[in-house]
Amino acid sequence: PDLLTLQEVTGAPVFDDLLARLPGYEGKLGVLAAGSGNLMQAVLWNPARVSVTSVEDLFTSGAVSAFFPRPPLRWATAVVGRDAHFDTLAVHLKAGARPADEQTRISALASLDTEGRRRVGTGEDELLLLGDFNEALSDPRSAEAFAPFTAAPELYRALSLPLADAGVVTFLPARLYF
C-alpha cells in the first residue's frame, strides 16, 4: 500500500518500531489526547509513490474536541509524478454501545462534515475521509450518524460501501496481520 492510516497506536516506541520494520516508508504519529485511552493515530506512506505534507491534529481544543477523544489527523497528499492532490482526514471515533457513545459519534460526524465543507470551500476539491468510525451500518442510529454524508451525494461518495454491502472486510485488524 502507498498510504496507510493506523488507529490504536499505543505509543511512540511502538510506532517507531513498526516504522523501522517497514523499509521505504515514512510516517507521522498523532498526539496523545487526555481522553484517548492512551491510543493515537498515525499515517504511513511510501514516498516513492505518495507525498505527505502538513500533517496536523484537528479538534484538539474547544467545544468540538469533546466529540473526538482521539483527535483526527489531517494531511495533504499528492501522487508522485501526477497532478493529483487531495486532503486526507483520518479518524478514530468514540467506541461503545451506550446511547451517549452513539451520540458522540453522531456529533463527531456532523463536525467532520462541517470541516470537510469548510476545506472544500477554500479550494480543496478532493477530501479522503478514512479510519475507524466505530459505527457499523447495522447499528441502530447508523443512518442518523452518516446522514451528513449520505444526504449529500453530490459532495460525498462512500468508496468502501459496495465492499461492505458485499460482506468484504474493509479494514485490516492488526491482530490478524502482525
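Report the residue count in segment 8-27 for those that are closer than 22 Å to PRO71 by Cα and in contact with a helix residue (DSSP H, G or I) (Cβ under 9 Å, 6 or more places away or on another chain). Walk me through how you get there before you give the answer.
We begin by selecting, within segment 8-27, every residue closer than 22 Å to PRO71 by Cα; these are 8-16, 18-19, 26-27.
Cutting the leftovers down to in contact with a helix residue (DSSP H, G or I) (Cβ under 9 Å, 6 or more places away or on another chain) gives us 8-9, 26-27.
Summing the residues that are closer than 22 Å to PRO71 by Cα and in contact with a helix residue (DSSP H, G or I) (Cβ under 9 Å, 6 or more places away or on another chain) in segment 8-27 gives 4.
Suppose we keep only residues that are under 22 Å from PHE86 (Cβ atoms) and open to solvent by 80 Å² or more (accessible area, probe 1.4 Å) within segment 120-150. Which one would you say is modelled with the lowest pLDDT? Break it down into steps so the answer makes sense when it comes.
Residues of segment 120-150 that are under 22 Å from PHE86 (Cβ atoms), as a first pass: 120-133, 146, 148-150.
Subset that is open to solvent by 80 Å² or more (accessible area, probe 1.4 Å): 122, 125-126, 150.
Working: THR122: 65, ASP125: 68, GLU126: 81, THR150: 86.
Among those residues, the one meeting the criterion is THR122.
Exactly one condition in (1) in contact with a His (Cβ under 8 Å, 6 or more places away or on another chain); (2) among the hydroxyl-bearing types (Ser, Thr, Tyr); (3) more than 18 Å from GLU115 (Cα to Cα) is not met by THR77; state its number.
It fails just one condition, (3).
Select from segment 19-50 the residues that are surrounded by 17 or more Cβ atoms within 10 Å (Cβ to Cβ), out of contact with any Leu (no Cβ under 8 Å at 6 or more places or on another chain) and modelled with pLDDT of 90 or more and list them in ascending order.
Hit for segment 19-50 is LEU29, nothing else.
So which residues in segment 56-78 are open to solvent by 50 Å² or more (accessible area, probe 1.4 Å) and out of contact with any strand residue (DSSP E or B) (no Cβ under 6 Å at 6 or more places or on another chain), if there are any at all?
Within segment 56-78, the subset open to solvent by 50 Å² or more (accessible area, probe 1.4 Å) is 56, 60-63, 66-67.
Those that are open to solvent by 50 Å² or more (accessible area, probe 1.4 Å) and out of contact with any strand residue (DSSP E or B) (no Cβ under 6 Å at 6 or more places or on another chain): THR60, SER61, GLY62, ALA63, ALA66, PHE67.
The values are calculated or read from the model by the stated rules, or taken from the named source; none is laboratory data. Note that this is a predicted model, so its numbers are computed, not measured. Every residue, glycine among them, receives a Cβ derived from its backbone with ideal geometry; neighbour counts consider all protein chains shown. The accessibility values were calculated without ligands, DNA or RNA, using every heavy atom of the protein model including side chains. Shrake-Rupley method; radii C 1.70, N 1.55, O 1.52, S 1.80 Å.
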